[in-house]
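The values are calculated or read from the model by the stated rules, or taken from the named source; none is laboratory data. Here the structure is a predicted model, which is why all the values come from computation and not from measurement. Counting neighbours? That spans all protein chains shown, and the Cβs are built from the backbone with ideal geometry, glycine included. SASA here: full protein model, heavy atoms, side chains in, ligands and nucleic acids out. Shrake-Rupley method; radii C 1.70, N 1.55, O 1.52, S 1.80 Å.
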Amino acid sequence: MGDDDSIMSRLFNTKALLGIVVGAGASYGIYKLVASGKSDANNVKKSKNDNGTSESGPERDASSGGRVFLQPGTLLAKVSELNLLHHSESRAANIPSREILSQSPGNLQPHHIEMLLSLLETNSNPSDRMQILVTLGNAAAFSVNQDIIRELGGLHKIASLLSDPVPDTRVHCLNALNNLSMNVRNQEQLKVYVPQVLELIEMSPVNSDLQLASLRLLTNMSVTNNHQHLMKNSITLFLSLLVVSNEEMQIQVLKVLVNLSANPDMMEDIVQAQAPASLVLLFDGCTNAPVLLRLLTFVANLRTWTPSAQVADALRRGKDSLYCVLLAPPSQLHHRLPLLLSHPDDQVRTQAAHLLA
């Protein structure tokens, strides 16, 4: 009788895990947020500062995981130490597929998360690791699971895969960390990985999934002023990416820059950063409207800052600084802004008029 109880218990655990992990893929639409790079100009939020000028609100990003497909002998079979049942056997085990697919990542229990984190450390199979990361990332879209993963030491276990040799594993790792970083308490632990994420951006191919996933994580990490100083030495990197990347990447870079430029304490580092002269060419009617709107918002934030006479003099001497490229009187931007008053997008026209006022 004891053996029968043990078998039934293991079958129940298998059923539960099947429902949870398959549900993570099947129901990700519940929590999938607007992806960066796919958003339109209306996604740029506005708030009023003390002077009544319009500024961008902080932008956030959430990652959506991939759908998980289960086959006999794969990850979940190893979790339960039982082989998964084939379709022909599922009726006998009383595990209807409709019931499995109806499960939500929000149903993940602490002991399930603990088991997955343990597997993440011990399983070296790239496919299995990615499947675990997708499941944890999907679960991390729920705030309760963000806390559970942190309390189980999962943040550092997941972040350890930032140095995984498989690029796709690193991408899935970043996606999971991105969702986890929407929790302020998690950010306190994740801040130590910001330099490593910045290095990934610098060393990865332009427009790669690695760069995009890294920037999404930094977008969330820059929502508050708490950790923005960790990015101050990478302003030139961000500005350089703007002139060589595609529209999706440009939007993601600008989300970070707009967040940083809303912090007065970051302003001096931003305007002194070296900037490519071609950056001003993006202020053009041919530039994608969501990109152009964020560029104008970035400049509007910069103009709220007034340097001291000594700092202004030093900025004028730095011919390749962002200040000279976009803000100083000789900048070409002053000649390009009037042309944007006839732009077909209402918000672009409004922001251009605000900058010319």
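Flag not set for L322, criterion: touching a Phe, Trp or Tyr at 6+ places or on another chain (Cβ under 7 Å) and under 20 Å from L241 (Cα atoms). Pairing residues of region 276-298 that are open to solvent by less than 20 Å² (accessible area, probe 1.4 Å) with residues that are among the small types (G, A, S) and outside any helix (DSSP H, G or I), at Cβ distances under 9 Å and at least 6 apart in sequence or on separate chains, gives V280/S331; P290/G37; P290/S39; L292/G285; R294/S56; T297/S54; T297/S56; F298/S56. Tell me whether region 188-205 contains one or more residues that are free of Cβ contacts under 8 Å to residues at least 40 places away in the same chain and outside any helix (DSSP H, G or I). The answer is yes; a qualifying residue exists. One residue stands out among those in region 232-272 that are of a type in the set (V, I, T) and out of contact with any strand residue (DSSP E or B) (no Cβ under 8 Å at 6 or more places or on another chain): the one that is most open to solvent (accessible area, probe 1.4 Å), which is V244.
Listed here are the residues, each with its yes/no results for (1) modelled with pLDDT of 95 or more; (2) of a type outside the set (F, W, Y).
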| position | (1), (2) |
| --- | --- |
| F238 | yes, no |
| N259 | yes, yes |
| A275 | yes, yes |
| F283 | yes, no |
| N301 | yes, yes |
| A314 | no, yes |
| C324 | no, yes |
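Among the residues making up region 161-187, a single one is buried (at least 22 other Cβ atoms within 10 Å of the Cβ) and not in a helix (DSSP H, G or I): S181. Given the criteria open to solvent by less than 10 Å² (accessible area, probe 1.4 Å), part of a helix (DSSP H, G or I) and within 14 Å of N183 (Cβ to Cβ), does I149 qualify? For I149, the condition - open to solvent by less than 10 Å² (accessible area, probe 1.4 Å), part of a helix (DSSP H, G or I) and within 14 Å of N183 (Cβ to Cβ) - is met.
If you filter region 321-339 down to residues that are part of a loop (DSSP other than H, G, I, E, B) and free of Cβ contacts under 8 Å to residues at least 40 places away in the same chain, you find that the one that is surrounded by the fewest Cβ atoms within 10 Å (Cβ to Cβ) is P329. Residue pairs whose Cβ atoms lie under 6 Å apart, separated by 6 or more positions or on different chains, with the first residue in region 220-231 and open to solvent by 40 Å² or more (accessible area, probe 1.4 Å) and the second modelled with pLDDT of 95 or more, are N225/N263; L230/V194. Evaluate the following for L84: is it out of contact with any Asp or Glu (no Cβ under 7 Å at 6 or more places or on another chain), modelled with pLDDT under 90 and of a type in the set (A, V, I, L, M)? So L84 passes the test.
Within region 308-317, one or more residues are touching a residue at least 12 places away in the same chain (Cβ under 8 Å), open to solvent by 10 Å² or more (accessible area, probe 1.4 Å) and not small (G, A, S). Residue pairs whose Cβ atoms lie under 9 Å apart, separated by 6 or more positions or on different chains, with the first residue in region 141-162 and on the phi > 0 side of the Ramachandran plot and the second open to solvent by less than 10 Å² (accessible area, probe 1.4 Å) and assigned to a helix (DSSP H, G or I), are G153/L117. Considering region 340-349, the residues that are assigned to a helix (DSSP H, G or I) and of a type in the set (D, E, K, R) include one that is least open to solvent (accessible area, probe 1.4 Å), namely R349.
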